[in-house]
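K.L.:
Take a look at the following structure, please.
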Amino acid sequence: MPSWNDAAGGGPDQRSGDPSVSQEWEAAGPVGGSSRVQAALSRILAYGLWGGIGLALVLGLVNCAGPRNAASLPPAADPEPPPPVAPPGGCAELVVSAWLAGDTELLAGVPGVPRSGAEPGRRQATRTYTAGVTPGAAGDTWGYLVGADVQVLDGEAQQWRPAGSQFFAVTMVRSTSGGCQGWRPAALPAQVPAPQLAGDAADQQTPYEVSLPTSGTELSGTLQAFFAGMLAGGAGGGGLERYVAPGVVIPPLSPPPYQEVSISELRAPGEPAEPVPADGTLVQLLVTVATDQDDLPLVYPVTVGVRGGRWEVVALDPLVSSPVGAAPRSTNGD
């Protein structure tokens with residue numbers, strides 16, 4: 001009966017009678033199996049090698065992107081404490097008002113109040129205001145400079161007469177119970193000199209070093225008409241538009257607080273090169289305006305410019321010697 005190898009078209013059994021062929025097959029069988037195992041192991045080793053390389057790259061990226069070692073980080077700075085908040089200045093003002101009125105009942109328990117009391121009603125504060133605040137070292141003590149408009153009672157005429165502005169120093173400390181919103185005066189007020197608003201002589205230097213004519217020039221005429229229109233409603237029967245740069249809106253005061261105003265002083269950082277410089281020129285001025293209602297004048301920092309061969313007001317500056325803004329566009333017409 002034919003074998004399975006015969007049905008398949010022959011095989012090693014057909015040549016089984018040849019001893020050399022049989023020996024070759026016996027020798028090649030194990031070698032072929034070993035080669036296949038070695039190929040599989042090579043692939044496994046290759047996969048493992050590439051996997052190790054990939055893992056090393058991933059770990060390297062994680063190490064670079066992750067937080068640094070805590071030992072290498074600089075020590076964190078302690079957060080700065082928030083600035084202390086001053087207690088209400090109205091409490092110190094209340095102390096001054098009570099002291100001026102001799103109100104020993106309101107000031108009861110404050111160190112320095114005489115046991116015999118004081119005659120009330122000889123002085124009074126028509127207005128009080130906090131002019132300065134100084135914190136103590138621990139934040140539980142505050143010093144106040146309180147100003148007061150004081151009136152005194154004339155005993156003979158039985159009328160109140162003004163005694164001017166007076167200033168008092170008041171120290172407020174924290175109160176464990178009661179007080180004014182948790183604060184109490186450490187002692188009665190001390191009357192002190194008024195603060196020097198002008199500062200020292202070295203602080204009184206002004207950037208407006210040059211004095212300019214207050215009348216008889218194109219510049220002074222423009223300013224006189226402008227301030228007359230803004231303060232007294234008398235800009236020559238017209239509005240302020242013709243005295244200001246295009247796009248600038250400066251409304252007049254309504255109702256006008258004055259009937260007459262005049263330029264009493266005009267100062268600039270330097271002397272203009274000519275009465276009416278070239279178009280586009282900007283100049284900062286300090287204009288002093290006298291009125292018919294006030295004993296003291298008004299002082300305005302003003303920026304003026306030249307357009308179309310004439311001066312015009314560019315801005316009422318918010319600050320004395322504030323930076324000059326953009327120059328107005330130069331045109332040949334109004």
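K.L.:
Which condition number in (1) of a type outside the set (F, W, Y); (2) touching a residue at least 24 places away in the same chain (Cβ under 8 Å); (3) in a loop (DSSP other than H, G, I, E, B) is the one that G178 fails?
P.N.:
That leaves (2) as the condition not met.
K.L.:
While we're on this one: Take the residues of the range 97-150 that are farther than 22 Å from Q196 by Cα and of a type in the set (D, E): which is farthest from the chain's Cα centre (by Cα)?
P.N.:
Checked the range 97-150; the qualifying residue farthest from the chain's Cα centre (by Cα) is E119.
K.L.:
Modelled with pLDDT of 90 or more, farther than 20 Å from P277 by Cβ and surrounded by 13 or more Cβ atoms within 10 Å (Cβ to Cβ), is that true of A235?
P.N.:
No: the conditions fail for A235.
K.L.:
Could you please tell me which pairs satisfy a Cβ distance under 6 Å, a separation of 6+ or placement on different chains, a first residue in the range 95-117 that is at positive phi, and a second residue that is among the β-branched types (V, I, T)?
P.N.:
If the second residue must be among the β-branched types (V, I, T), the pairs left are G117/T104.
K.L.:
Working only within the range 238-290, note down all residues that are among the polar types (S, T, N, Q) and within 34 Å of the chain's Cα centre (by Cα).
P.N.:
Those that are among the polar types (S, T, N, Q) and within 34 Å of the chain's Cα centre (by Cα): S254, T281, Q284, T288.
K.L.:
Can you tell me which condition L94 does not meet? The list is (1) of a type in the set (A, V, I, L, M, F, W, C); (2) modelled with pLDDT under 80; (3) under 38 Å from the mean Cα position of the chain (by Cα), and all the others hold.
P.N.:
Failed condition: (2).
K.L.:
Being more than 25 Å from A290 (Cβ to Cβ), aliphatic (A, V, I, L, M) and at pLDDT 85 or above is true for just one of V170, V210. Which residue is that?
P.N.:
V170
K.L.:
Additional query: Name every residue in the range 263-275 that is touching a residue at least 24 places away in the same chain (Cβ under 8 Å) and surrounded by fewer than 16 Cβ atoms within 10 Å (Cβ to Cβ), in order of residue number.
P.N.:
S264, E265, P269, G270, E271, P275
K.L.:
Let me ask something additional. Quick check on my filter: what residues within the range 140-174 are more than 11 Å from T126 (Cα to Cα) and polar (S, T, N, Q)?
P.N.:
Scanning the range 140-174 gives T141, Q158, Q159, Q166, T171.
K.L.:
Of the conditions (1) at pLDDT 95 or above; (2) assigned to a loop (DSSP other than H, G, I, E, B), L223 fails just one. Which one is it?
P.N.:
That leaves (2) as the condition not met.
K.L.:
Is it the case that the range 198-219 has a residue that's closer than 17 Å to E93 by Cα and surrounded by fewer than 15 Cβ atoms within 10 Å (Cβ to Cβ)?
P.N.:
no
K.L.:
Please state which of the following conditions F168 fails to meet, knowing it meets all the rest: (1) assigned to a loop (DSSP other than H, G, I, E, B); (2) in contact (Cβ under 8 Å) with a residue 60 or more places away in the chain; (3) among the hydrophobic types (A, V, I, L, M, F, W, C).
P.N.:
Among (1) assigned to a loop (DSSP other than H, G, I, E, B); (2) in contact (Cβ under 8 Å) with a residue 60 or more places away in the chain; (3) among the hydrophobic types (A, V, I, L, M, F, W, C), F168 violates only (1).
The values are calculated or read from the model by the stated rules, or taken from the named source; none is laboratory data. Note that the coordinates shown come from a computational prediction; the quantities given were computed from them, not determined experimentally. Neighbour counts run over all protein chains shown; Cβ positions are idealised from the backbone, glycine included.
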